1. I'd like to know if the range 323-333 contains one or more residues that are buried (at least 18 other Cβ atoms within 10 Å of the Cβ), out of contact with any Gly (no Cβ under 9 Å at 6 or more places or on another chain) and either over 18 Å from ARG16 (Cα atoms) or among the acidic types (Asp, Glu) (or both).
2. Out of LEU18, LEU61, I need the residue that is part of a loop (DSSP other than H, G, I, E, B) and either closer than 29 Å to MET288 by Cβ or within 25 Å of the chain's Cα centre (by Cα) (or both). Which one?
3. Residues in the range 388-430 that are hydrophobic (A, V, I, L, M, F, W, C) and within 30 Å of PRO53 (Cα to Cα): how many?
4. Of the residues that make up the range 171-192, is at least one within 15 Å of the ligand (Cβ to nearest atom) and assigned to a strand (DSSP E or B)?
5. Would you check if there is a residue in the range 268-288 being within 16 Å of the ligand (Cβ to nearest atom), among the β-branched types (Val, Ile, Thr) and over 19 Å from ALA119 (Cα atoms)?
6. Limited to the range 170-200, what total is found for residues that are crowded, with 19+ Cβ neighbours inside 10 Å and in contact with a helix residue (DSSP H, G or I) (Cβ under 7 Å, 6 or more places away or on another chain)?
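The values are calculated or read from the model by the stated rules, or taken from the named source; none is laboratory data. Every value quoted in this text rests on a predicted model; they were computed, and no experiment measured them. Cβ: placed from backbone, ideal geometry, glycine included. Neighbour counts: every protein chain shown.
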Amino acid sequence: MFQKILIANRGEIALRVLRACKELGIKTVVVHSTADADAMHVRLADESVCIGPPPSRDSYLNIHQIVAACEITGADAVHPGYGFLSENAKFADILAAHNITFIGPSGDHIRVMGDKIEAKRTAKRLGIPVVPGSDGAVTEEKEAKRIAAEIGYPVIIKASAGGGGRGMKVARTEDDLEIALATARSEAGAAFGDDAVYIEKYLEKPRHIELQVFGDGAGRGVHFGERDCSLQRRHQKVWEEANSPALNADQRARIGDTCAKAIAELGYSGAGTIEFLYENGEFYFIEMNTRLQVEHPVTEAITGIDLVHEQIRVASGGGLSVKQDEIKFNGHAIECRINAEDPRTFTPSPGTITHFHTPGGLGIRVDSGVYSGYKIPPYYDSLIGKLIVHGRNRVECMMRLRRALDEFVVDGIKTTLPLFRDLVGNHDIADGEYDIHWLEKYLAAAD
Ligand code: ADP
């Protein structure tokens, strides 16, 4: 087992990982920018190292500073959290070259899944169902037209190097296709320095359903069920549930089994998420994230398993603590992402939190790095906390969520809490009847 883990992240996830390390009796080092000197994770860590000024590229993305911090403090492993360097294959490779364990998959697995064309090809080879589309990059308009006619309109053109919901264009007719192809390619080139694009069938009303998987690096793969993350705004997840209101136990076992087998065959190590669009009873792979996800706590709530403990165990060579038949799904969990944003316009609202009071009671978990008097710096993403609620079934979970939202107080800044108070009383949400476009339509109608 590791003696000392360096946490290369900030905010709620840095604290989340720190808690897991403490429970396992592992010493912690955190790195931080000058803007985060007062952050909770810095206060609670055994050691902290300031690695640079506020902009991420000079601090949280500065690989050399982070490696230097490992060497100065004698950390033998790095947990990257999510975002920042968590899916940076070069970072994983550099750490390996310094004999420091990256708590995550190999650089090669990160690389394959980071290239969406390569990822899709790999998924297909492993027997995972994919969205019908081009087999690889498309450059010629003639070829694009042929493929689109074959799979049928509407189609979506996506950047191979894309991420964060950027670099996608929908074409509803052959006339649209020409412009869509040209704009997608030039936007991808400008945004990602790589203008490779590919074509997929555009699904009109899918849900976003993702499978939490784990590989032990020794050829064993398991799944921890799915999460439904269909409630999105601008392709950003807002509310996540486990299990999905749209799946039954049979469907869960079937897609879970497919994913676990694929992970085993890949020889994958650590946590991963296989993301699908789901429509009319069919799953369509869109991408795999090779890291811990923001929404992992809903899976922890219904399985009772600490996924960060598992990540650390696997990375240290200790394997997974559970076998597939020991992973049981109990009740229902919902996570609300609380952002420092205007609940209607979603404009960031940094500033000082004058009062912060979190709800409590059975089935309530709040993961957050903030406190009363904390000043939110304007340099980073606006997530300030996550409310995770568990109940014996979805109805109980929703009742408890409503109560918890009423108790939650964040003064001094704007947050997305009022949005969740609206959503929890909505009929479609109560019935679990929503697709990936539902929230955008709801917000447009409320304007
Ligand atoms: P990114 O890596 O940029 O997040 P994804 O491939 O995960 O890109 O897609 C992001 C979102 O775009 C999906 O959650 C979905 O809302 C939409 N999307 C992607 N592919 C399709 C498709 N074939 N049909 C319909 N919507 C899609």
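1. No, that holds for no residue.
2. Working: LEU18 fails: part of a loop (DSSP other than H, G, I, E, B).
Step by step, each of LEU18, LEU61 is checked, and only LEU61 is part of a loop (DSSP other than H, G, I, E, B) and either closer than 29 Å to MET288 by Cβ or within 25 Å of the chain's Cα centre (by Cα) (or both).
3. Total satisfying the criteria: 2.
4. Yes.
5. Within the range 268-288, not a single residue is within 16 Å of the ligand (Cβ to nearest atom), among the β-branched types (Val, Ile, Thr) and over 19 Å from ALA119 (Cα atoms).
6. 8
The rows are residues; the columns are (1) surrounded by 23 or more Cβ atoms within 10 Å (Cβ to Cβ); (2) touching a residue at least 24 places away in the same chain (Cβ under 8 Å); (3) within 16 Å of the ligand (Cβ to nearest atom); (4) farther than 27 Å from SER106 by Cα.
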residue	(1), (2), (3), (4)
GLY164	no, yes, yes, no
GLY167	yes, yes, yes, no
PRO206	no, yes, yes, yes
SER230	yes, yes, yes, yes
ALA246	no, yes, yes, yes
THR258	no, yes, no, no
ALA262	yes, yes, no, no
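Listed here are the residues, each with its yes/no results for (1) out of contact with any helix residue (DSSP H, G or I) (no Cβ under 8 Å at 6 or more places or on another chain); (2) surrounded by 16 or more Cβ atoms within 10 Å (Cβ to Cβ).
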site	(1), (2)
PHE2	no, yes
GLY25	yes, no
HIS41	no, yes
ALA45	no, yes
PRO53	no, no
THR73	yes, yes
LEU85	no, yes
